[in-house]
Every structure is written in structure tokens, then in C-alpha cells.
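The values are calculated or read from the model by the stated rules, or taken from the named source; none is laboratory data. Being a predicted model, the structure only gives us computed values, none of them experimental. Every residue, glycine as well, gets a Cβ built from its backbone with ideal geometry; the counts of neighbours run over all protein chains shown.
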Amino acid sequence: MKAARFVMMATMAFALIGNLSGCGGNNASQTAAPPASETPAAAPAVAPAKMAPVGAAQKAGPFEVALSAALHVGVTKFEATITKNGKPVKNASVTMTTSMPSMGMPGPTADLKPAGAHYEGTAKTGMSGDWDATVSVKAAGASGHAAFRFKVKS
């Protein structure tokens, strides 16, 4: 029984390493584009899907952060709405770090950039399961962190 469990765990670990080989670091460092022959001409960078809240809005120091995403395995678009005293926060530095708590593994980090009334960016969720995201906000000399947990389904 112990040997079978070890084999199962080892197989899962190798599968995880294979699936996550591109998502363990900062997406900003992965700037090299693949050769044109490897890139489908009409493929969108992010699979189109409806954005949905990722848990309830959270306090982050003096800010409130609401996180939304079109959750799926692969490159996922995230949107964060940052407010302070009910008003949108502009000119903030917003970073999102992710991890898979059940695997004890860090995930990708994304800088969320201003996009109208919110901030957006992408991160690769390499496999289905429970994920954690921490959104860090710095603006006008103040800072805060908001934590979210979400489930990615395959």
C-alpha cells in the first residue's frame, strides 16, 4: 500500500512539474516570443470567457480590492478594482502573486496595469485546483495586501 501511494505521488509530482514548467516565475521575464511557426495566427492570447468575482472584496490597508477573472487552466486574465473611501484609486502599483497551497508551490507573479477604472494583467494557471492570490497595492504613500482563494477547473 505504501509503495503504491509513493508511485502515485511521484507520478503526480512529475506531471505537475511538466504542467507548471512555465509558470513558476515572473511573467515579465518571459518576454521572448515563440517563433512564428509555433504561434497559431488567429489564436487569442487569453481564452475568451466571462469575468467573475474571485471571492468577496477584501481590505488591503486603506484600500479595498475586488478581484475578477475568467478562471481556466492556461493564461488567465485578472482584473482588480482598487478603491479608497469608495473612490477609484489611480496611479497605483498593483502586483498579484499566486500559489497552489495544496502543492506548496509558488505560481506566477503579474504586474496589473491600469485599464480604465481597474487594473489588469495575465497569469498562467497551469493546472486545475485551489489557488491563492495576493494582490499588493501601493499608492500615495500607502500600501496594503488582499488575499483571495479561487478554484480553477479544467
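Any chance you could count how many residues in the stretch 114-147 are within 19 Å of LYS90 (Cα to Cα) and in contact with a Pro (Cβ under 6 Å, 6 or more places away or on another chain)?
Qualifying residue count for the region: 2.
Given the criteria part of a loop (DSSP other than H, G, I, E, B), surrounded by 14 or more Cβ atoms within 10 Å (Cβ to Cβ), modelled with pLDDT of 90 or more and on the phi < 0 side of the Ramachandran plot, does LEU112 qualify?
Numbers: part of a loop (DSSP other than H, G, I, E, B): no; surrounded by 14 or more Cβ atoms within 10 Å (Cβ to Cβ): yes; modelled with pLDDT of 90 or more: yes; on the phi < 0 side of the Ramachandran plot: yes.
So LEU112 does not fit the description; no.
Out of the residues in the stretch 72-82 that are β-branched (Val, Ile, Thr) and not in a loop (DSSP other than H, G, I, E, B), which is surrounded by the fewest Cβ atoms within 10 Å (Cβ to Cβ)? Talk me through it step by step, then tell me what you get.
Initially, the stretch 72-82 is screened for residues β-branched (Val, Ile, Thr), giving 73, 75-76, 81-82.
This time we only want the ones that are not in a loop (DSSP other than H, G, I, E, B), so: 75-76, 81-82.
Working: VAL75: 18, THR76: 23, THR81: 16, ILE82: 25.
Among residues in the stretch 72-82 that are β-branched (Val, Ile, Thr) and not in a loop (DSSP other than H, G, I, E, B), the one surrounded by the fewest Cβ atoms within 10 Å (Cβ to Cβ) is THR81.
So ILE82 fits all but one of (1) closer than 21 Å to LYS138 by Cα; (2) touching a Cys at 6+ places or on another chain (Cβ under 9 Å); what number is the exception?
Every condition holds for ILE82 apart from (2).
Within the stretch 78-110, how many residues turn out to be farther than 22 Å from LYS59 by Cα and either touching a residue at least 40 places away in the same chain (Cβ under 8 Å) or of a type in the set (D, E, K, R) (or both)?
5
Name the single residue, out of those in the stretch 83-102 being surrounded by 16 or more Cβ atoms within 10 Å (Cβ to Cβ) and assigned to a loop (DSSP other than H, G, I, E, B), that is nearest to the chain's Cα centre (by Cα).
Here the answer is ALA92.
Only one of (1) part of a strand (DSSP E or B); (2) within 16 Å of the chain's Cα centre (by Cα) is not met by LYS138, so which one is it?
So the condition that LYS138 fails would be (2).
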